[in-house]
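In what follows, a single structure is set out as structure tokens and then discussed.
The values are calculated or read from the model by the stated rules, or taken from the named source; none is laboratory data. All figures in this text were calculated on a predicted structure; none of them were measured in a lab. Note: ideal-geometry Cβ built from the backbone for every residue, glycine included; neighbour counts use all protein chains shown. Only protein heavy atoms, including side chains, enter the accessible area calculation; ligands, DNA and RNA are left aside. Shrake-Rupley method; radii C 1.70, N 1.55, O 1.52, S 1.80 Å.
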4 protein chains.
Amino acid sequence: MGSLSQIGELLSLQTFGESHGPAIGGILSGVPAGIPVDFARVKTEMEARRPGANALRSPRNESDEVEWLSGIFEGKTTGSPIGFLIRNTDQRSGDYEALKEVFRPSHADYTYWAKYGIRDYRGGGRASARETACRVAAGALLMPWLESLGIEIRAWVSSIHQHEMPQDFGDWTKEQIRQSIVYCPDQKCSQAMIKAIALARDEGDSLGGIISAKITGVPAGLGEPIYYKLHAALGAAMLSINAVKGFEMGRGFELTRHKGSEVNDLFYAKEGKVKTRSNHSAGIQGGISNGMPVQFRVAFKPTATIRKPQETLSQTKETIAIEAKGRHDPCVVPRAVPIVEAMAALVLADMWLIQQSKALHEGTKA
Amino acid sequence: MGSLSQIGELLSLQTFGESHGPAIGGILSGVPAGIPVDFARVKTEMEARRPGANALRSPRNESDEVEWLSGIFEGKTTGSPIGFLIRNTDQRSGDYEALKEVFRPSHADYTYWAKYGIRDYRGGGRASARETACRVAAGALLMPWLESLGIEIRAWVSSIHQHEMPQDFGDWTKEQIRQSIVYCPDQKCSQAMIKAIALARDEGDSLGGIISAKITGVPAGLGEPIYYKLHAALGAAMLSINAVKGFEMGRGFELTRHKGSEVNDLFYAKEGKVKTRSNHSAGIQGGISNGMPVQFRVAFKPTATIRKPQETLSQTKETIAIEAKGRHDPCVVPRAVPIVEAMAALVLADMWLIQQSKALHEGTKA
Amino acid sequence: MGSLSQIGELLSLQTFGESHGPAIGGILSGVPAGIPVDFARVKTEMEARRPGANALRSPRNESDEVEWLSGIFEGKTTGSPIGFLIRNTDQRSGDYEALKEVFRPSHADYTYWAKYGIRDYRGGGRASARETACRVAAGALLMPWLESLGIEIRAWVSSIHQHEMPQDFGDWTKEQIRQSIVYCPDQKCSQAMIKAIALARDEGDSLGGIISAKITGVPAGLGEPIYYKLHAALGAAMLSINAVKGFEMGRGFELTRHKGSEVNDLFYAKEGKVKTRSNHSAGIQGGISNGMPVQFRVAFKPTATIRKPQETLSQTKETIAIEAKGRHDPCVVPRAVPIVEAMAALVLADMWLIQQSKALHEGTKA
Amino acid sequence: MGSLSQIGELLSLQTFGESHGPAIGGILSGVPAGIPVDFARVKTEMEARRPGANALRSPRNESDEVEWLSGIFEGKTTGSPIGFLIRNTDQRSGDYEALKEVFRPSHADYTYWAKYGIRDYRGGGRASARETACRVAAGALLMPWLESLGIEIRAWVSSIHQHEMPQDFGDWTKEQIRQSIVYCPDQKCSQAMIKAIALARDEGDSLGGIISAKITGVPAGLGEPIYYKLHAALGAAMLSINAVKGFEMGRGFELTRHKGSEVNDLFYAKEGKVKTRSNHSAGIQGGISNGMPVQFRVAFKPTATIRKPQETLSQTKETIAIEAKGRHDPCVVPRAVPIVEAMAALVLADMWLIQQSKALHEGTKA
């Protein structure tokens, strides 16, 4: 039994909702019973994604309050599907009336129309990144449980436009990352990014960037060997985030420029545990975690909406010029940090449950 | 109803088999009835992936004859599941006896053992890239049908080690690509790659590289908006191929270094059809095809097996030195070209059927 | 991608919510775009299932107002997931405080506790038949579309306790069925049923019964041959309804007492169409519809909740006596008529879309 | 990731193959690693289903040898997909040449043709019950593992035509059942059934019947509450078997004629374990097993193929008379006993794994 608007197998998230409808929401299904829910943690993660949280973000003012509707009783999960809702409180559909019959460049207006023959044009409708608020809510709910299993997920902005952190995959703490409003733990780089985003905003332009992530404490054995490899699932999860155009395990594309003898990871034992001396495999071999940190990078293209005038087509295929007027982000990459973490949490939790299902003896227990 | 060793939703491929068991094979399910089967085409694609086909490849000599067992009657598909088999004819399990209790560096020996507490050590067992022969067989069966719908898939090697084609995503014909034994359509670059691979082979080392792909004729409207976006499905399919460590739509990672105003794709109409002036979106917007060529790149790490001596661990966690003795490829990237094409065919066929299911009116018909 | 709390493949319904939480709801996913939504029709079907609608039902007073949250724009479906919500307005959790640690006989209290180690004891929690309101909402939304395709679904009560309609599978209209408060189209039988239910209510006991259904206009060709046969999907859908303990196509169990020569359905042609002289196959052969009416019967056990005193166990395994005090139905069978119709609509719509996906030529078009 | 020709979620079986193609086979996926395989047990179950095994069966002579191709190493499962093959050795396609353009009454000839616009007419093609050999092979492989978990599955023939066992759901041993060639453990009834089948065979007619099943040792807690209830999954599995037209838990249809006070199952404790005094719930409450025996009944219609002359249509819609000439069974019910057991094994194994995946504490461990 499946749905094409759903992610995960044993533990899954299905979402619904458009940018300018009454609400968005979702069903998080397959969460084991008895897990304590940390509502404050959810709030923290929602805030990290929220528009309007600082001057570099869209001024759209959504409270992004999550209303939990089921599957939680006396502060713990019950094993039943967890339904939740986030009301859209700051909808200005009027802003979009002008764009009703326009196919905005590099937006999904045309493709939705081609696919469905109909579209909810208000603020991007279903294509709006507003949907990702549901992912953050669901992922944040899972994180304390994963942490109790020893699994820690950290994502940060490692590059914006041409400003790139000098080296990647450091052991950053959440505090080090989140103290910067662009979620870049390198202070100097963070300053340069902030300046660049402010400038792009003032110019009416937009910037892209890269988010890096490191997951520690993943037990060896997670991931299904052929078509549901751990990194294939992570890749699909990340590529499902708005504006993402690339995914690599570790420095995947750079690896192609090295020889096997340079990038093979040699095994050794440390206190009875199997380790590798380097981690070019980025924690995954044959699609299965090997106990080393799982690390990957996600490429975000610059936001499609810019204030600069652009030429495009109307629904009736006439050429017209547009200039964005709504409330937009000059750079969505920082806001995507909690989304990347949430998607990673969804994948890891699913893989952990799948592995536990078949663990017949101690050795293979997740 | 699902399986974690399966890819695709309405049209799916599930495979089975180990490198050194009696046979590998699969079930291709959901293919519409009445599609003519081109067995010669399958043979051509199988040959393109086959080991032993030229001096740059592993000398393992497999005939890779596909035995079709069901779902085809009088030369056409019947709509029933298509079962098929490929016998393993050149197994030398003896070669692997020595590696029985060894965790080879950057191989999946350790992770399978950690996952299952047991492993079929002969030639990598289930983790062997031999499994990909099934993908090529299934994909090749679908290609003539996709071509009859106007969809053409081309993949080629665009870089090996530090040799990279000067520019990417040209309109290469199959002949231009396949005339080079490394499947690189740029003659000069091809020569350099061949030399580099021969040198790595002689040095007992291995090389990685990048495969690029371009799919033309994809109708606008394919792809499911949220978690089964066309590029998320393509990414998961490619990341499921052995040795793949990265995936990007168009030049995804490079896009992050440009401004929105530089990389937005402006719409215009040409002979009544919607087109974009540039194709930085790589044919997909909001997860849905826009009618422009779909193009992507796949990063392959260097093969893990090298003849150079390496230090590693035994199953009992003792340090040992190993040197590969079996029959291996110094570079698997060229052999992966038909695999990339096959995986793309599987994804496109699935998406096409899904879209056709919901096409209630002419305008939205795939 | 799947979920174990979901039904359907291309078109699916996933629900959430407990009897006494803030709300129940669901996501109906995969509905084609452009289908007009008939909100009044949904209201009618919700009313047919609603508690408190007449004196034979539980006096729990729920307005059962459906709040549609997404996937509908300007009165039509958009192709995006349709999220919806039904608030629980008449919760008296206090009624259940006494049952907090009791395993009620033939209820799911014990099994949920055994499964999850935790339970939401308020009114049956997730096990409450309240969840079926979501099914009715979703099914009712699909019905006008199915009817526009020629598919008409009718269900009725054919037996309550020992009162059985003299013959089954007549061509009843919706009006003939719904005019009786127990939804039995045979007037005499309906009277007897009403009396029997009233008596059971007064005695503090409960009754079961059978719902029969007939679906006309199903085109030949729906249903997937092996494990997703049309009747297997219908059976699973019906067996997922609370209190259902049996399912048969036509008079399935009675068929076992006849010879092949008596019950084979002979084909003949009528106005160029293929028909069968009898319909013992109940419209399905080899799991695929044959164009004749699809008909089946669903067995409901008597409601578990009765006011008569019963002996049972507490959570601490002590023997205790209980008498139900909450607001209950002496017979749920009539209220299940719209549920059966809704589940049939979900299955038929899914099967129709699946068949349309693979219809490459006119002849096989659903 | 799914397939419509597949059953099961975490543990799944997908099959392929037609009656008169080179082979049938399947992939059993998701079986945990390290389970010993009992090939003799598989042989025993295959023999119990095999045509030609005794004088009451079709004389088609198939050896039904299962060739295991993968997923088993040194006598144990490895966790990888288990591929297997059964060659068709006694194909007399010529027998069917005459039926090439005929729609046989109550067969799937017409519906396949209507669905696909093409059909493999040889011996029923994909619609042939030959496919069930794959199910028996897969189920038999799982049984010793289930038995090691304490789960015992027994099915038997409880009625043929009008000969019915005096009472149902006894504690029959496998020996008591299998000593009768019609697999009815009641000796007197068995004799009457044998006579009836022989008579039907001689008359050129066919008979149906009922198979009952009892599964002991099912731990409390198996089954997913809403749409993947244990009995819904069992029902779907049984309804997917050829010729099945009905399914009931315990005596489901008879239950509808009793009052709640008569058929509620009262809980009591026995040696610290929760039990019920009666078992009208048939081991399942709210879709979840309660630890009592799971018992159900499956209705098989009489075989469609009879030697008596019948009137039907050709593919060109002309009326013609036919008389079956191939090799057929006058009654398939006994041969379906191992199929019912195999399907139950598939469902139980899947449910057990699902439950183990989420068992975070001892109490809820399957």
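Pick from D:E67, D:E47: which is open to solvent by 20 Å² or more (accessible area, probe 1.4 Å), touching a residue at least 12 places away in the same chain (Cβ under 8 Å) and within 30 Å of D:G204 (Cβ to Cβ)? Walk me through how you get there before you give the answer.
Values: D:E67 fails: within 30 Å of D:G204 (Cβ to Cβ).
Going through D:E67, D:E47 in turn, just one is open to solvent by 20 Å² or more (accessible area, probe 1.4 Å), touching a residue at least 12 places away in the same chain (Cβ under 8 Å) and within 30 Å of D:G204 (Cβ to Cβ): D:E47.
Any idea which of (1) hydrophobic (A, V, I, L, M, F, W, C); (2) more than 7 Å from chain B (Cβ to nearest Cβ); (3) surrounded by fewer than 24 Cβ atoms within 10 Å (Cβ to Cβ) is the one A:I210 doesn't satisfy?
That leaves (2) as the condition not met.
Could you count how many residues in segment B:144-162 are more than 19 Å from B:I177 (Cα to Cα) and in a strand (DSSP E or B)? Spell out the reasoning first.
Step one: filter segment B:144-162 for residues more than 19 Å from B:I177 (Cα to Cα), giving B:145-146, B:148-150, B:162.
Keeping just the survivors that are in a strand (DSSP E or B) gives none.
Going through segment B:144-162 one residue at a time, the tally reaches 0.
Go through segment B:224-256 and give me each residue that's within 14 Å of A:G287 (Cβ to Cβ) and hydrophobic (A, V, I, L, M, F, W, C).
Hits for segment B:224-256 are B:A236, B:A237, B:M238, B:L239, B:I241, B:A243, B:V244.
This table checks each residue for (1) touching a Pro at 6+ places or on another chain (Cβ under 9 Å); (2) on the phi < 0 side of the Ramachandran plot; (3) not small (G, A, S).
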{"position": "D:Q315", "(1), (2), (3)": "no, yes, yes"}
{"position": "D:T319", "(1), (2), (3)": "no, yes, yes"}
{"position": "D:R327", "(1), (2), (3)": "yes, yes, yes"}
{"position": "D:C331", "(1), (2), (3)": "yes, yes, yes"}
{"position": "D:A336", "(1), (2), (3)": "no, yes, no"}
{"position": "D:V340", "(1), (2), (3)": "no, yes, yes"}
{"position": "D:L348", "(1), (2), (3)": "no, yes, yes"}
{"position": "D:M351", "(1), (2), (3)": "no, yes, yes"}
{"position": "D:S357", "(1), (2), (3)": "yes, yes, no"}
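Does B:T77 count as within 20 Å of B:L13 (Cα to Cα), within 21 Å of the chain's Cα centre (by Cα) and open to solvent by less than 40 Å² (accessible area, probe 1.4 Å)?
When the stated conditions are applied, B:T77 does not pass them.
Scan segment D:241-264 for residues that are open to solvent by 10 Å² or more (accessible area, probe 1.4 Å) and more than 7 Å from chain C (Cβ to nearest Cβ) and jot them down.
Answer for segment D:241-264, where residues must be open to solvent by 10 Å² or more (accessible area, probe 1.4 Å) and more than 7 Å from chain C (Cβ to nearest Cβ): D:N242, D:A243, D:R251, D:E254, D:E262.
Does A:E224 satisfy the condition of being more than 21 Å from the chain's Cα centre (by Cα) and crowded, with 20+ Cβ neighbours inside 10 Å?
Yes: the conditions hold for A:E224.
For D:E101, are the conditions met, namely being at pLDDT below 95 and among the acidic types (D, E)?
Working: at pLDDT below 95: yes; among the acidic types (D, E): yes.
Yes, satisfied.
Taking the criterion of being farther than 30 Å from C:Y112 by Cα, of a type outside the set (D, E), touching a residue at least 60 places away in the same chain (Cβ under 8 Å) and surrounded by fewer than 22 Cβ atoms within 10 Å (Cβ to Cβ), would at least one residue in segment D:158-166 satisfy it?
no
For segment C:198-216, enumerate the residues that are in contact (Cβ under 8 Å) with a residue 60 or more places away in the chain, part of a helix (DSSP H, G or I) and not hydrophobic (A, V, I, L, M, F, W, C). First the steps, then the outcome.
As a first pass, look at segment C:198-216 and keep what is in contact (Cβ under 8 Å) with a residue 60 or more places away in the chain: C:198, C:200-201, C:203-216.
Keeping just the survivors that are part of a helix (DSSP H, G or I) gives C:198, C:200-201, C:203.
The answer is C:R201, C:E203.
Can you tell me which residue is nearest to C:I160 (Cα to Cα) among those in segment C:300-320 that are β-branched (V, I, T) and surrounded by 20 or more Cβ atoms within 10 Å (Cβ to Cβ)?
The initial filter retains those residues of segment C:300-320 that are β-branched (V, I, T), namely C:303, C:305-306, C:312, C:316, C:319-320.
Subset that is surrounded by 20 or more Cβ atoms within 10 Å (Cβ to Cβ): C:303, C:305-306, C:312.
Numbers: C:T303: 12, C:T305: 17, C:I306: 17, C:T312: 27 Å.
Ranking the qualifying residues of segment C:300-320, first place goes to C:T303.
What strands (runs of 3 or more DSSP E) lie completely within segment D:274-327 and have 2 or more residues being hydroxyl-bearing (S, T, Y)? Full working, then the answer.
On the way: elements: D:294-300, D:310-314, D:319-322.
Correct list: D:310-314.
Among the residues of segment B:265-298 satisfying the criterion of being under 10 Å from A:S106 (Cβ atoms) and open to solvent by 10 Å² or more (accessible area, probe 1.4 Å), which is farthest from the other protein chains (Cβ to nearest Cβ)?
Here is the first cut: in segment B:265-298, the residues under 10 Å from A:S106 (Cβ atoms) are B:265-267, B:276, B:278, B:280-281, B:285-286, B:290.
With open to solvent by 10 Å² or more (accessible area, probe 1.4 Å) added as a condition, the list becomes B:266, B:278, B:280, B:286.
Values: B:L266: 5, B:S278: 9, B:H280: 7, B:G286: 2 Å.
Applying the filter and picking the extreme gives B:S278.
All but one of (1) at the interface with chain B (Cβ under 8 Å from one of its Cβ atoms); (2) touching a strand residue (DSSP E or B) at 6+ places or on another chain (Cβ under 8 Å) hold for A:K308; which doesn't?
For A:K308, the failing item is (2).
Among the residues that make up segment C:134-143, is at least one of them at pLDDT 90 or above and either under 30 Å from A:G34 (Cα atoms) or not in a helix (DSSP H, G or I) (or both)? Walk me through how you get there before you give the answer.
From segment C:134-143, those at pLDDT 90 or above are C:134-143; that's our starting set.
Of the ones still in play, those that are also either under 30 Å from A:G34 (Cα atoms) or not in a helix (DSSP H, G or I) (or both) are C:134-135.
Yes; the residues of segment C:134-143 include at least one that is at pLDDT 90 or above and either under 30 Å from A:G34 (Cα atoms) or not in a helix (DSSP H, G or I) (or both).
Can you tell me which of (1) more than 30 Å from A:R130 (Cα to Cα); (2) open to solvent by 10 Å² or more (accessible area, probe 1.4 Å); (3) assigned to a loop (DSSP other than H, G, I, E, B) is the one B:P219 doesn't meet?
(1)
Can you tell me which of B:K115, B:K195 is open to solvent by 10 Å² or more (accessible area, probe 1.4 Å) and either outside any loop (DSSP other than H, G, I, E, B) or within 10 Å of another protein chain (Cβ to nearest Cβ) (or both)? Before the answer, list the steps.
Values: B:K115 fails: open to solvent by 10 Å² or more (accessible area, probe 1.4 Å).
Matching residue, one of B:K115, B:K195: B:K195.
Out of the strands (runs of 3 or more DSSP E) lying entirely within segment D:1-111, which hold 1 or more residues that are within 14 Å of chain C (Cβ to nearest Cβ)?
On the way: elements: D:12-16, D:23-29, D:66-68, D:82-87.
By residue number, D:12-16, D:23-29.
Please verify whether D:Y110 is crowded, with 18+ Cβ neighbours inside 10 Å and in contact (Cβ under 8 Å) with a residue 40 or more places away in the chain, treating the condition exactly as stated. Break it down into steps so the answer makes sense when it comes.
Working: crowded, with 18+ Cβ neighbours inside 10 Å: yes; in contact (Cβ under 8 Å) with a residue 40 or more places away in the chain: yes.
Yes.
All but one of (1) charged (D, E, K, R); (2) under 29 Å from B:V42 (Cα atoms); (3) at the interface with another protein chain (Cβ under 10 Å from one of its Cβ atoms) hold for B:E341; which doesn't?
Condition not satisfied by B:E341: (3).
Per-residue answers, yes or no, for (1) open to solvent by less than 20 Å² (accessible area, probe 1.4 Å); (2) over 27 Å from A:E97 (Cα atoms); (3) touching a Gly at 6+ places or on another chain (Cβ under 8 Å):
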site	(1), (2), (3)
A:I322	no, no, no
A:V332	no, no, no
A:A336	yes, yes, no
A:E341	yes, yes, yes
A:S357	yes, yes, no
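So, A:R201, is that one under 18 Å from A:S58 (Cα atoms) and either in contact with a Leu (Cβ under 9 Å, 6 or more places away or on another chain) or of a type in the set (K, R) (or both) or not?
Judged against the criteria, A:R201 is a match.
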